[in-house]
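**Q** Structure below; questions to follow.
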Amino acid sequence: MSGGESLVSPPHSTAALRFTARGVVAAPETLQIRVGAQFEGRVAFGAPSPSRDMTPAEVVHNVRAFRAPGPRMRAVRGLALSAIPVSWSAATLHDTTEACRAAGIERVVLHRPVSACHDAVPEGVAVATAVRVPDEAEQVAAKRPSHSLSVTIPLEARVLPLLGEVAARLAPTTRLTLLWPLPGGSEAAPPADAVVEAMERALPQLASRDWGVKGLPLCALQSLLPQVPDLPRRVWKSANRHYVDADHQGPGALLLQPDLQRLEKRDGCRFCAFDSRCEGVASPWLAAGLAGAVTPISSSPTLLASGVHFRGDGTAG
Ligand code: SF4
């Protein structure tokens, strides 16, 4: 942080929950700003297409607004900038991220297409990109990045047969998120069974890597437990976030949950040993049966036999 503003929010602004007209959701501590109208290789999650690019001044103005959001909201600490316009120079990007840090932002990550993942970034800024085919993985692995670089592999139907090869071409140290597609793209997510089969085939290439799954609950993946005993630690949550673009700024910003995504559980989930760690399943996928049976884990002999222990709060120990 280059500014002098305290990162400690007043106690009344740190409520972990946010009450909305569509239900209670986790209060975001992250702000995502889609800066540009064009976004090559984006991972769809139901966000609208903005009508224009945002200016650097608009980006900084929104960051300042969400750093001091009033007594009923958490001040954001993390910032994701996606779709940086090609018209932005390195100096513009540097000055903008510095202004955001001066406003109190602790972490900045740029969501970039593979073609730009090795472009220069300001010091301390991380990059995230999405990779779907082996050629893209090779492009990512072609250079040792000077910045922190994480990779998402969307578990789309066309990607599943390539999963092992894609993972094999990436540098062993690359952090991998295997993302079950979210509603909002042009296709439905492949069924959980197909994802599990693809992951099973790719386990040799995933072994010894830092990888995790988002979007699919542990109950849908539990047949992998004999081969991946630490699977509960590899099921990651997607943090809720404010979402800003040129057409949704300040008070008009959207929330990832519930404006763009709605997650649901079944009634029986309250009996699941993983309930407190599980964010549920995207509502349309749950309704379509794509996540499978959604069987509470407390009744799963496979998991119980795996040696995984749950603490009282439901987290894996
Ligand atoms: S809480 Fe529900 S959706 Fe989550 S792992 Fe358990 S049974 Fe599956």
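The values are calculated or read from the model by the stated rules, or taken from the named source; none is laboratory data. Note that the coordinates shown come from a computational prediction; the quantities given were computed from them, not determined experimentally. Please note: Cβ atoms are built from the backbone with ideal geometry, for glycine as well, and neighbour counts cover all protein chains shown.
**Q** Out of the strands (runs of 3 or more DSSP E) lying entirely within segment 28-119, which hold 1 or more residues that are of a type in the set (Gly, Ala, Ser) and touching a His at 6+ places or on another chain (Cβ under 7 Å)?
**A** 78-82
**Q** In addition: Are any residues in segment 231-249 surrounded by fewer than 16 Cβ atoms within 10 Å (Cβ to Cβ), away from the ligand (no atom under 16 Å from the Cβ) and modelled with pLDDT under 95, and if so, which ones?
**A** Ala239
**Q** Take the conditions out of contact with any Leu (no Cβ under 7 Å at 6 or more places or on another chain), without any contact (Cβ under 8 Å) to a residue 40 or more places away in the chain and among the acidic types (Asp, Glu) and apply them to Glu187. Does it pass?
**A** Yes; evaluated as a whole, the condition is true for this residue.
**Q** Scan segment 168-179 and tell me whether some residue there is assigned to a helix (DSSP H, G or I), more than 19 Å from Ala220 (Cα to Cα) and among the β-branched types (Val, Ile, Thr). Please lay out each step first, then the result.
**A** Keep residues of segment 168-179 that are assigned to a helix (DSSP H, G or I), which gives 168-169.
Next, only the ones that are more than 19 Å from Ala220 (Cα to Cα) stay: 168-169.
From the residues that got through so far, the ones that are among the β-branched types (Val, Ile, Thr) too are none.
No, there is no match, as no residue in segment 168-179 is assigned to a helix (DSSP H, G or I), more than 19 Å from Ala220 (Cα to Cα) and among the β-branched types (Val, Ile, Thr).
**Q** Do you know which residues across segment 273-299 are touching a strand residue (DSSP E or B) at 6+ places or on another chain (Cβ under 9 Å) and outside any helix (DSSP H, G or I)?
**A** Selection gives Ala273, Phe274, Cys278, Glu279, Gly280, Val281, Ala282, Leu290, Ala291, Val294.
**Q** Restricting attention to segment 200-229, and to residues there that are within 21 Å of the chain's Cα centre (by Cα) and more than 16 Å from the ligand (Cβ to nearest atom), which single residue is nearest to Pro181 (Cα to Cα)?
**A** Here the residue is Trp211.
**Q** Let me ask something else about it. If I go through segment 94-107 residue by residue, how many of them are surrounded by 21 or more Cβ atoms within 10 Å (Cβ to Cβ) and without any contact (Cβ under 8 Å) to a residue 60 or more places away in the chain?
**A** 3
**Q** Determine whether segment 155-178 contains at least one residue that is farther than 20 Å from Ala44 by Cβ, modelled with pLDDT under 95 and loosely packed, with under 14 Cβ neighbours inside 10 Å.
**A** Scanning segment 155-178, I find at least one residue that is farther than 20 Å from Ala44 by Cβ, modelled with pLDDT under 95 and loosely packed, with under 14 Cβ neighbours inside 10 Å, so the answer is yes.
**Q** Sort through Gly104, Gly184 and tell me the only one that's under 19 Å from the mean Cα position of the chain (by Cα) and farther than 20 Å from Arg209 by Cα. Even if it seems obvious, please write down each step before you answer.
**A** Numbers: Gly104 fails: under 19 Å from the mean Cα position of the chain (by Cα).
Just a single option satisfies the conditions, and that option is Gly184.
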